[in-house]
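A.B. asks: Questions regarding the structure given below will be posed in turn.
The values are calculated or read from the model by the stated rules, or taken from the named source; none is laboratory data. It should be emphasised that the depicted structure is a prediction, and the values quoted were computed from it without experimental measurement. Because the Cβ atoms are built from the backbone with ideal geometry, glycine has one as well, and the counts that use them run over all protein chains shown.
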Amino acid sequence: MKKTIKMVLVLGITALLISLIGCSSEKQVNAPIEQPEIQYIEDSESEETFFKQNYSNIYPLTGIGTNEQINQRIFAVMVNNHSTARPQSGLHKADIVFEILSEWEITRYLALYQSELPDVVGPVRSARDYFIHLSNGYGSIYVAYGGSPEAFLLLRDMEMMDYIGGILRTGYADDEFFYRVNFRKAPHNVYTTKEELIRGADRRNYSLTQNVEPYLFMTENEIPKISGKPAKDIMINYGPYYNTSFKFDEKSKKYQRFTNDEQSKDRETDTPIEVNNVLIIEAPHKVIDNEGRRDIQLDGSGRGYIIQHGIVRDIIWENNDGRIIPYINGEVVALSPGKTWINVIPDSPGLEKMISFGIENEE
């Protein structure tokens, strides 16, 4: 009888300890931090408030004036650009988009959302190591679904970055923050939403606020002083199925984006993708495996173009703490208030071979 009582006590204590350890572990992983109210830009504000004027703040990645808080955390989301993934959802709301080759001639996007979040974003695609480094340069919450072997090595380190992804990483299964649609085939059918991004950050105990270092932006009086060659029709030749082009709209003073001559629009709202700054830079690319994946060196500097308000200028880009910054004669080039699209191309064949300007640029 005594042995039985002792056995029951031991089993009871063991069960209690397991329960306490389990609760403690669950609390450590899932307990949300107390988040302040996050205020994103309203659609009605997004077009006409480019210059600070009487506004108390400007959004750090766009220079758009606002009286709202500007300390929203950046979400950096990997978005698919396979031909079967178009039209995409949510790209039109990104403050900055990087377009970079993922494998062979296929490009992929890293969309940075700070001033506003899309209701739907996707298709969400897998990580690459150079996209991860770019995301880290902005202190972002990185969002991807899967990854290359090089990306997995980075993502395996939990302390390296805040990350929401549809892969297992030391016990984290984030599939709950994504869903698959039936109108596209895998792997081009993974999506997420504004609510799921915020919920994922909350569940992972990531802060949703951040003091984002602002870019340098032009004043309204500086824009007419831009001098350079005309650039109203730009073509970036990534390959026969991945030609990116921008056409300058005189009325809006923005560049409308096209893929293979088809205008890029949001799938849900049919909103065109329009940007105020197009930055094209060349960097060393190297194919590293049989899948056509690449090593892309973005930690140095190189040549490029900056295109604003119908004018192109030669620049030198530098990687400053993870951000790609344009320079002319050693001075940082100010961005035009609004959205920015950054295209990275291989330095071989380079700018002269991969970039062309249409005949309508000629005066």
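A.B. asks: Filter the stretch 90-103 down to residues that are touching a Phe, Trp or Tyr at 6+ places or on another chain (Cβ under 7 Å) and within 19 Å of residue 270 (Cβ to Cβ), then give me how many there are.
C.D. replies: Total satisfying the criteria: 4.
A.B. asks: Select from the stretch 207-230 the residues that are touching a strand residue (DSSP E or B) at 6+ places or on another chain (Cβ under 6 Å) and crowded, with 18+ Cβ neighbours inside 10 Å and list them in ascending order.
C.D. replies: If the condition is that a residue be touching a strand residue (DSSP E or B) at 6+ places or on another chain (Cβ under 6 Å) and crowded, with 18+ Cβ neighbours inside 10 Å, then 215, 217 are the ones that fit.
A.B. asks: In the stretch 247-280, which residues are on the phi > 0 side of the Ramachandran plot and among the acidic types (Asp, Glu)?
C.D. replies: 261, 270
A.B. asks: Any residue in the stretch 252-265 that is over 19 Å from the mean Cα position of the chain (by Cα) and of a type in the set (A, V, I, L, M, F, W, C)?
C.D. replies: no
A.B. asks: Given the conditions (1) touching a Leu at 6+ places or on another chain (Cβ under 8 Å); (2) modelled with pLDDT of 95 or more, and given that residue 133 satisfies all but one, which numbered condition is not satisfied?
C.D. replies: Residue 133 satisfies all of (1) touching a Leu at 6+ places or on another chain (Cβ under 8 Å); (2) modelled with pLDDT of 95 or more except (2).
A.B. asks: Another question, then. In this structure, is residue 174 loosely packed, with under 15 Cβ neighbours inside 10 Å, under 24 Å from residue 142 (Cα atoms) and either modelled with pLDDT of 95 or more or out of contact with any His (no Cβ under 7 Å at 6 or more places or on another chain) (or both)?
C.D. replies: no
A.B. asks: What are the pairs, 6+ residues apart or on separate chains, where a residue within the stretch 244-273 that is under 15 Å from residue 121 (Cα atoms) has its Cβ under 6 Å from a residue that is hydrophobic (A, V, I, L, M, F, W, C) and crowded, with 16+ Cβ neighbours inside 10 Å?
C.D. replies: 264/273; 268/120; 273/91
A.B. asks: Of the residues 295, 270, 314, only one is modelled with pLDDT of 95 or more, over 18 Å from the mean Cα position of the chain (by Cα) and assigned to a strand (DSSP E or B); which?
C.D. replies: None of the other options fit; the residue is 314.
A.B. asks: Still on this structure, I have one more. Of (1) modelled with pLDDT of 95 or more; (2) in a loop (DSSP other than H, G, I, E, B); (3) in the same structural domain as residue 138 (by TED's automatic domain parsing), residue 197 satisfies all except one. Which?
C.D. replies: Of the numbered conditions (1) modelled with pLDDT of 95 or more; (2) in a loop (DSSP other than H, G, I, E, B); (3) in the same structural domain as residue 138 (by TED's automatic domain parsing), the odd one out for residue 197 is (2).
A.B. asks: Considering only residues that are in contact with a Leu (Cβ under 7 Å, 6 or more places away or on another chain) and hydrophobic (A, V, I, L, M, F, W, C), which ones fall in the stretch 136-153?
C.D. replies: 143
A.B. asks: Within the stretch 80-108, count every residue that is farther than 20 Å from residue 290 by Cα, buried (at least 23 other Cβ atoms within 10 Å of the Cβ) and hydroxyl-bearing (Ser, Thr, Tyr).
C.D. replies: 1
A.B. asks: Something else now. Look through the stretch 317-360, keep the residues that are without any contact (Cβ under 8 Å) to a residue 12 or more places away in the chain and assigned to a strand (DSSP E or B), and return whichever of them is surrounded by the most Cβ atoms within 10 Å (Cβ to Cβ).
C.D. replies: The extreme case among them is 325.
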